[in-house]
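Beneath this line is the structure, given in structure tokens, with notes to follow.
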Amino acid sequence: MKKLLASILVAALAAALTLASVIVLVGASFSIAMMTNSAERAVATTAELLVGVFWLLGTTYIATRLAVFIFDEKPQPRG
């Protein structure tokens, strides 16, 4: 029962983190699109791509680590 509840919580957390990341990145894209200076826009677009990739990779890493933490089968010590 604990594993089921934990897996549902991890799935919801992973979905919420990913959705929040996408919403922030889309907002940043709109802000960048409204920039008038093309040099600033180019730098901002490059920064957004780098930050976005690492941010979404980070959310995937966190979700994976939590899933491994929940479902890891530790061997029983032989005594």
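What follows draws every value from the coordinates through simple rules; no lab data is involved. Not measured: the values here are computed from a predicted model. Methodologically, a virtual Cβ is constructed for each residue, glycine included, from the backbone with ideal geometry; neighbour enumeration extends over all protein chains shown.
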Boolean, ALA6 is of a type outside the set (Phe, Trp, Tyr), part of a helix (DSSP H, G or I) and in contact (Cβ under 8 Å) with a residue 24 or more places away in the chain: yes
Regarding GLU73, is this residue in a loop (DSSP other than H, G, I, E, B), free of Cβ contacts under 8 Å to residues at least 12 places away in the same chain and over 10 Å from the mean Cα position of the chain (by Cα)? yes
